[in-house]
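A quick write-up on the structure given underneath.
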Amino acid sequence: MTMMTKKTNFIKYISLDKQYVMLFLFLCSIFGYSQNTPKVTADIDTTSIRIGEQINYTILVEADSTAQVIFPEDQTFSPLEMVEALKIDTSKYKDRITLQRIYALTQFDSGVYTIPPQRLAINGKAFFTDSIKVNVGTVTVDTIAQKMYDIKPLIVVDKSTSIPWLKIAIILGGLLLLAVLIYWFVLRKKPLTEEEKVALLPPYDRALIELKKLENSKYIIQDEYKAYYSELTTIVRSYLEEDAHVSALESTTDQLIDKLEMLKDAGELKLEDETIRQFKRVLQTADLVKFAKQKPETSAAEQDRMIIEQIVVKTHNALPEPTEEELLKNEEYLEELTRKKEKKKWIIAIAIFFGVIFISTAAAIAYYGFNTVKDTVLGHPTKELLDGEWVTSTYGFPPITIKTPKVLLRQKVTLPPEAKENIKELQVFNYRSSIGLFTANISVTTFTDPETEPDFNQVIDQALELFETNGAKNITTKREEFTTVSGTKGLKTYGSGKFVVPESKKLINGEYAIISFGGKGFLQQILVSWVTDDIYAEEMVERIFNSIEVKTE
């Protein structure tokens, strides 16, 4: 017996021995735990559908009533797409529970597909359903009754203006609203109330109006003599202080009378002695009412108000007429006072305006970050691409379905004669942002020999050589496996370097990534390049790669 035969028999022996061990453990588990082991089954209502029709995929779980069951979620049925997951239907019998969940699945390409085993978690342990095959047939098209037309060529659409009119309109609208609010509540000359109109009158007119209001008040009727005399003395004291320039509000009765007599003796106030004596008596009565709580007769109170009114009139008549210089100074004072008020209003309005802008900006920076706010207000080319309306489209054959910020345009490619021996067709689609230096490129190559397998490493090396030929320097390269959402595997080549800015000789730090797929007779590639440290471009690249769907058959 040769050495190879002995080795083969030994392997068979070990395999046979393992099979017996596994069979033993399996039987032990059946006999020891058959009553408590959950049961998981899956079924579909039909194994054959047409494109776009739906099938109902049902998962049934029988387990202990205390079991915790987690059903599959999201798109785990690829290559079929989940349209809807219905609510879990529960039924219970004694200490057992039956859970049923139905998933609506569909597929938009014809062919035979296999629904992969679905993973369920029961009490933290994994259980899997069986895989099921589904036949998706094409929809019959009557080519005789329905006319056929040539495929229309791609049309280049003019780019829309890069000025973010909506953003500008929102900002201007907000500033306009803020300006209107400031004008309405701060700068606008509001209608004066009755009290404000009275306050603007000369002291003499204002005193007479206030005395008239006191006459019509209900203080005497309600027996509120203290309030009545307090207001009466305040009116006359305020008038004397404003019009006669006598410090009357903070003076006692005797002090005020002494000041009036001094002005009379100096000839600055022509009042009769009787008028001053009557005024002194009214002030003394008011002091008795306010501090000694004395209650005068109603007629006496009315008479005191009339005396005060006469004192106001006589004092006004006794005051010397203001000179033209005094009137001019008074007018200038009023104008200066008006200017100060207007200036104060504008200072308040400007402070509110910039305060609101500062607080809003600070809040936005704290929430979104400085760079995001800056790029949103001032604009950023790749951020505008990221925030714009993205396009999902299919390119080439075998097709590549991908989502990009802009449509990739087909490029005219002329193959050299020596390449035509091996390459049947080369389809190239490209988009390049001239401002943000962001590039997305798709190429699909079909070989003349349908049995030819693509050499990824050779193709990548040629691409890197092309980079260097175009002036790139210090190129780094890393390679790893790439898997699409549907499970298709490819090769990801990525790195960084210094790349030449288009239409110039300037070198900038940039990054690139090339995703390669392929099979017998064809090669598919997605290339993306962007400026280093461009966070918006990096987010776009991740979004693009997560959207890739390819057909490798």
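Brief remarks on what is shown
- One residue alone among T401, T392 is at pLDDT 80 or above, open to solvent by 60 Å² or more (accessible area, probe 1.4 Å), assigned to a strand (DSSP E or B) and on the phi < 0 side of the Ramachandran plot, and that residue is T392.
- Within segment 62-78, the set of residues being modelled with pLDDT under 85 and closer than 16 Å to R119 by Cα comprises E73, D74, Q75, T76, S78.
- In a residue-by-residue description of segment 499-510, the property of being closer than 25 Å to G396 by Cβ and in contact with a Phe, Trp or Tyr (Cβ under 9 Å, 6 or more places away or on another chain) applies to no position.
- When segment 451-482 is filtered for residues that are closer than 20 Å to G510 by Cβ, touching a Ser or Thr at 6+ places or on another chain (Cβ under 6 Å) and of a type outside the set (S, T, Y), the ones remaining, listed by number, are I460, R479.
- Being closer than 30 Å to L80 by Cβ, open to solvent by less than 40 Å² (accessible area, probe 1.4 Å) and touching a Leu at 6+ places or on another chain (Cβ under 8 Å) is a description that does not apply to A463.
Here's the yes/no breakdown for (1) among the aromatic types (F, W, Y); (2) under 17 Å from V528 (Cβ atoms):
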{"site": "K424", "(1), (2)": "no, no"}
{"site": "Y431", "(1), (2)": "yes, yes"}
{"site": "L437", "(1), (2)": "no, yes"}
{"site": "T448", "(1), (2)": "no, no"}
{"site": "P454", "(1), (2)": "no, no"}
{"site": "T469", "(1), (2)": "no, no"}
{"site": "A472", "(1), (2)": "no, yes"}
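- Residues that are surrounded by 12 or more Cβ atoms within 10 Å (Cβ to Cβ) and not charged (D, E, K, R), drawn from segment 114-128: I115, P116, P117, Q118, L120, A121, I122, N123, F127, F128
- Search result, residues across segment 517-553 that are under 22 Å from the mean Cα position of the chain (by Cα) and over 22 Å from A463 (Cβ atoms): I535, Y536, E539, R543
- Single unsatisfied condition, V500 versus (1) surrounded by 14 or more Cβ atoms within 10 Å (Cβ to Cβ); (2) of a type in the set (A, V, I, L, M, F, W, C); (3) within 17 Å of V541 (Cα to Cα): (3)
- Residue within segment 275-292 that is outside any helix (DSSP H, G or I) and either at pLDDT below 85 or surrounded by 12 or more Cβ atoms within 10 Å (Cβ to Cβ) (or both) present: yes
- Answer from T488, T476 - the residue that is surrounded by 12 or more Cβ atoms within 10 Å (Cβ to Cβ) and either polar (S, T, N, Q) or touching a helix residue (DSSP H, G or I) at 6+ places or on another chain (Cβ under 8 Å) (or both): T488
- For segment 57-113, a residue qualifies if it is open to solvent by less than 60 Å² (accessible area, probe 1.4 Å), without any contact (Cβ under 8 Å) to a residue 40 or more places away in the chain and under 17 Å from V485 (Cα atoms), and the qualifying residues are M82, Y113.
- Residues within segment 489-525 that are out of contact with any Asp or Glu (no Cβ under 8 Å at 6 or more places or on another chain) and closer than 21 Å to I400 by Cα, tallied: 11
- Selection status of K264, at pLDDT below 85, open to solvent by 70 Å² or more (accessible area, probe 1.4 Å) and either over 18 Å from I235 (Cα atoms) or among the aliphatic types (A, V, I, L, M) (or both): no
- Restricting the search to strands (runs of 3 or more DSSP E) fully inside segment 435-553 and requiring at least 3 residues that are under 24 Å from V391 (Cα atoms) gives 439-447, 489-500, 507-519, 522-531.
- Residue selected from segment 39-56 under the condition of a type outside the set (D, E, K, R) and open to solvent by 50 Å² or more (accessible area, probe 1.4 Å), by the criterion nearest to T129 (Cα to Cα): T41
- In segment 37-61, the residue that is modelled with the highest pLDDT out of those that are in a strand (DSSP E or B) and among the charged types (D, E, K, R) is D43.
- Residue in segment 202-218 that is surrounded by 12 or more Cβ atoms within 10 Å (Cβ to Cβ), part of a loop (DSSP other than H, G, I, E, B) and at pLDDT 85 or above present: yes
The values are calculated or read from the model by the stated rules, or taken from the named source; none is laboratory data. These numbers come from a predicted model, not from an experiment. FYI the Cβ positions are ideal-geometry reconstructions off the backbone, even for glycines, and counts take in every protein chain you see. These area figures cover heavy atoms from the full protein model, side chains too; ligands, DNA and RNA do not enter into them. Shrake-Rupley method; radii C 1.70, N 1.55, O 1.52, S 1.80 Å.
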